[in-house]
Structure formats: structure tokens, C-alpha cells
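What follows is a set of notes on a single structure, which appears directly below.
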Amino acid sequence: MITSCDTPGLLPLSQALDAMRGVISPVTEHEQCDLMQARGRILAEDVISQVNVPPSDNSAMDGYAMIAADLQLKDTLELVGTAFAGIPYEGTVNTGQCVRIMTGAIIPNGTDAVVMQENTAVSDVDPQHIQFMQSPKAGNSVRRAGEDISHGAAVLKAGTRLTPAHLSLLASVGISAAPVVRKLKVGLIATGDELVSPGNTLKSGQIYESNRYALRGMLEEFGAHVIDFGIVEDKRESLQRTFKEADTHCDIVLSCGGVSVGDADYAKDVLQSIGSVNFWKVAIKPGKPFAFGKLSKAWFCGLPGNPVSSYVTFEQLVKPVLETLSGQTPSAAMLLNATADCDIRKVPGRADYQRGIYRTDQDGQLFVSPNGKQGSGVMSSIAHANCYIVLAQDAGSVEQGSTVHIQPFTSLAY
């Protein structure tokens with residue numbers, strides 16, 4: 001077990017992620033989910049196709065199906081029928097014959113190529129004869145059976161987060177319901193005597209609680225079932241009671257605040273009394289006072305109380321934990337290179353996730369600059385930004401014109 005007492009300094013971000021992923025096992029319960037409700041769910045098993053896609057050789061375009069070798073000897077063929085998608089031509093096409101065919105229609109027996117209608121003309125002499133301006137090779141404009149997906153092939157692997165494209169893919173092989181991991185149950189707690197819910201009148205020293213609104217939104221985007229325990233006062237007994245209740249209902253509990261070193265910061269102490277602390281304090285800015293451990297049965301992440309710190313640690317530390325717990329194949333953050341539009345201040349010692357605004361010039365080159373004040377309580381720095389400027393733990397200040405990494409904002413990538 002790694003703790004802040006055993007490890008000098010702060011735990012590097014990569015080591016913190018490895019430490020969390022190394023002890024968490026995915027939930028094993030799964031269920032069948034109707035495909036229409038399956039967006040964002042995690043596949044619990046590999047999906048194996050029981051059909052070919054397409055099921056038969058078919059035409060890639062509107063045109064005429066024929067025997068390719070015939071057009072090496074002549075340019076006009078007899079029209080003997082029509083093949084529609086869903087209504088195939090039932091006969092067999094012989095030498096010197098062709099069939100009018102629509103996109104998706106089954107290739108008629110005897111034919112081996114399709115010529116698009118733009119390269120043909122109806123004979124002026126006899127409308128039952130078609131003149132061809134192209135001599136195709138066998139297989140021209142023919143989509144083969146199983147060309148997209150073959151019978152017995154793995155369509156999607158376990159751990160895949162289902163996107164709309166995945167749902168279409170599963171539907172194309174006849175699947176109406178998919179085996180998915182049950183939704184994670186995530187407890188959400190805000191701590192602090194100074195916190196008041198929006199809609200109430202503030203008294204002296206009070207502030208509106210805002211972290212849960214961002215965290216709940218991101219958790220629901222992830223697909224978790226959120227159990228919101230609201231605001232809990234800064235008293236050891238109250239925290240212990242709420243933590244124990246959350247432990248009985250949740251797979252993981254997220255607490256905002258109470259993990260710093262103030263006299264009223266009890267979250268870490270209560271965690272130690274109920275379960276265990278795996279580590280505390282990570283070399284990340286903002287977000288240093290991040291705690292990870294376990295209650296009696298539920299995992300626990302203690303996020304800082306400052307809103308920007310809470311938001312950043314959720315994205316960089318909690319999201320990977322949720323992926324591991326749900327059995328999702330890990331997703332790497334997208335990092336792009338950009339040129340700094342100005343000098344960027346940075347002190348070595350912590351990985352810095354500064355909030356920035358990137359732009360693209362007329363040549364397609366990326367440029368970025370920090371978005372105003374970077375304090376951990378300035379939520380507008382995130383609300384009006386479009387990326388993180390990611391500066392390595394050991395890096396110092398950046399000069400204008402230097403290349404930096406940026407991590408573009410997404411809707412949590414889901």
C-alpha cells in the first residue's frame with residue numbers, strides 16, 4: 001500500500017493511475033439491454049456474428065449485371081429482366097444477356113460484374129438491348145457476401161463502450177439486445193459547513209455548492225447510476241454516518257472537500273477509520289489533495305473542494321477508475337501539439353493542467369494560450385475554455401512560440 005507518509009513528496013500522476021488500476025477489479029454482473037437503450041453501455045461479452053454481412057453478393061450501384069467476358073467480344077447485350085433490392089431476379093443469365101440491377105440487389109445467377117448506368121445506353125434500334133461504353137473486369141461493382149462481416153467473426157469485443165455506430169453495426173448482424181455490464185452505482189457527497197444549495201440566501205461566510213452539479217453531469221454522461229447524498233456538515237460523526245450508508249449502496253463513493261490539511265478536513269480520517277487509504281496527495285495542479293482508498297466494500301475517491309480541482313481530478317483520475325471498474329477498455333486522452341501564443345508560467349514539481357483556448361490558423365496549425373486566471377476556484381477558466389494545456393511534472397515555464405501538448409475538451413468523450 002502506498003501512502004503519503006511512506007512516499008516522499010507527491011505521487012506522480014502516472015503512478016497514481018497505475019496504483020488504482022492495479023487493485024480494482026471490474027464488476028461482473030451484466031444484463032441484456034435492448035439496442036435502442038444501449039448507447040454508452042459497456043459490452044460484457046464478445047459479440048460473434050451469426051450471419052454474413054452482406055448476406056449475398058450484391059450490387060454496389062444502379063446499373064446492369066452481366067458476364068464480364070461478353071463485353072470483350074461485343075458492346076451490346078440483351079436485357080432479360082430487373083433485380084431490385086429485396087426482389088431478386090430469379091432466372092439465370094446466359095451469354096449475351098444482362099439484367100437491370102439496383103443498388104443492394106442480389107447479383108443474378110450467371111453474372112459476375114456490374115456496369116453503372118451512366119456508362120450504358122438503351123439501344124435506339126431495340127429498347128430490349130443495352131449498349132455498354134465500358135468493358136468491366138469480373139467482380140466490378142460487386143459487394144461480396146461477408147465482405148463487411150463474415151459468419152463467426154467477432155463484431156465487437158467485451159469492454160467496448162457502445163457508440164451509435166456500434167449500435168448500427170450490431171443491428172446489421174441481427175442483434176436486438178446486447179449483453180452489457182450493469183451500471184455502476186456511484187455515491188456523490190459534498191462536505192463543508194460553508195456550503196449552501198443554490199436557491200437559498202447566503203449568510204456571511206457561506207458559498208453555493210457547485211461541484212456536485214458538474215460531477216453528477218459527468219457521471220451521467222459516463223452512464224453511471226448516481227446516488228446523491230447531498231451536502232454533509234464538517235463533523236466526523238456526520239461524515240462517518242454518510243460514508244457508511246454510501247458504502248452499503250455503492251460501488252464507488254466520490255467525496256468533494258475534506259481531504260486537505262485543515263482542522264475540519266475529516267474525510268481522509270473517516271476513510272481510515274472505516275477502511276483504508278491507498279494514497280493521498282498527487283503531483284497534479286490543480287488537485288494535489290486527492291485521496292484514494294476503500295470503505296468496507298466500496299472504493300473511495302476524495303476530491304478537493306475547490307471546483308476547478310474537483311473537475312480536473314475527476315477527468316484525469318476518477319474517469320480512468322470508472323473505466324476499470326466497469327470493465328471498459330481504457331481510453332487514452334487525446335493529446336495534440338500546439339504552439340504557445342504567449343509565455344506560460346509553470347513551476348516544476350506537479351503536472352499542470354492549465355485551462356486554455358486553442359485556435360487554428362489559415363494553414364491548419366494549432367495555437368493555444370491560457371484562459372485568464374488559473375486559480376483552482378476560478379470555474380470560469382474551465383467554462384470558457386476549450387482545452388487543457390498539459391505541462392509535464394518536471395517542466396518549467398514555457399516561452400511563446402514553444403510547442404506544448406493540449407488536451408481538447410469533449411463531452412467527457414462520450
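For HIS384 and GLU118, FRET efficiency with R0 = 56 Å and r from the beta-carbon atoms, rounded to 0.05?
Details: r = 51 Å, r/R0 = 0.92.
The computed FRET efficiency comes out at 0.65.
Roughly speaking, to the nearest percent, how much of the chain's 1.4 Å accessible area is carbon and sulfur?
49
Would you kindly state how much longer the chain becomes between SER14 and GLN393 on full extension, computed as 0.36 nm times their sequence separation minus their alpha carbon distance, in nm to one decimal?
Working it through step by step, the gained length comes to 135.4 nm.
Out of LEU35, ALA113, TYR64, whose Cα points farthest toward the positive end of the dipole of the stretch 12-132 (charges: +1 Lys, Arg; -1 Asp, Glu; placed on Cβ)?
Farthest towards the positive end: LEU35.
State, to one decimal in nm², a quarter of the convex hull surface area for the C-alpha atoms of the stretch 1-128, i.e. the direction-averaged projected area.
16.0
Which whole number of Å³ per residue matches the convex hull of the alpha-carbon atoms in the stretch 156-306?
Convex hull of Cα atoms, per residue: 148 Å³.
Of GLN272, ALA283, GLY305, which is farthest towards the positive pole of the stretch 263-313's charge dipole, taken about the Cα centre with +1 and -1 on the beta-carbons of Lys, Arg and Asp, Glu respectively?
The residue sitting most towards the positive pole is ALA283.
Once Lys and Arg get +1 and Asp and Glu get -1 on their Cβ, which of ILE48, SER296, PRO408 lies farthest toward the positive end of the dipole of the chain?
SER296
In Å², what does the accessible area per residue of the stretch 64-152 work out to with a 1.4 Å probe?
Values: 4780 Å² over 89 residues.
Spelled out: the 1.4 Å probe surface of the stretch 64-152, per residue, equals 54 Å².
Can you compute the equivalent ellipsoid semi-axes for the chain, i.e. the square root of 5 times each eigenvalue of the Cα gyration tensor, sorted largest first and rounded to whole Å?
Details: eigenvalues 721, 141, 63 Å².
Over the Cα atoms of the chain, the ellipsoid semi-axes are 60, 27, 18 Å.
Using the heavy atoms of the protein chains and a 1.4 angstrom probe, tell me the accessible area per residue for the stretch 298-414 in square angstrom.
Value for the stretch 298-414: 45 Å² per residue.
Expressed in nm to one decimal, what extension gain is obtained for the pair SER402 and GLU90 from 0.36 nm per residue of sequence separation less their Cα-Cα distance?
105.5 nm
Return, for the Cα atoms of the stretch 353-403, the radius of gyration and Dmax in Å, separated by a comma.
Computed over the Cα atoms of the stretch 353-403, radius of gyration and Dmax are 11.8, 36 Å.
Quick one: which residues, 5+ away or cross-chain, put their amide H under 5 Å from the amide H of HIS129? H built at 1.01 Å from N.
LEU79, SER123
Which value in deg cm²/dmol, rounded to the nearest 500, describes the helix-derived mean residue ellipticity at 222 nm for the chain, given -39,500 (n - 2.57) per DSSP H run of n ≥ 4 and division by the residue count?
Taken over the chain, the calculation gives -5000 deg cm²/dmol.
Sticking with the crude label model, points 7 Å out along Cα→Cβ, report the distance from GLU147 to ASP46 in nm, one decimal please.
If labels sit at GLU147 and ASP46, their model points lie 2.6 nm apart.
Evaluate the relative contact order of the chain (contact order divided by residue number), counting alpha-carbon pairs under 8 angstrom at least 6 apart; express in whole percent.
Over the chain, the number comes to 16 percent.
The values are calculated or read from the model by the stated rules, or taken from the named source; none is laboratory data. Everything numeric in this text was worked out from a predicted model, so none of it was measured. Cβ atoms come from the backbone with ideal geometry, glycine included; neighbour counts cover every protein chain shown. All accessible areas refer to the heavy atoms of the entire protein, side chains included, with ligands and DNA or RNA removed. Shrake-Rupley method; radii C 1.70, N 1.55, O 1.52, S 1.80 Å.
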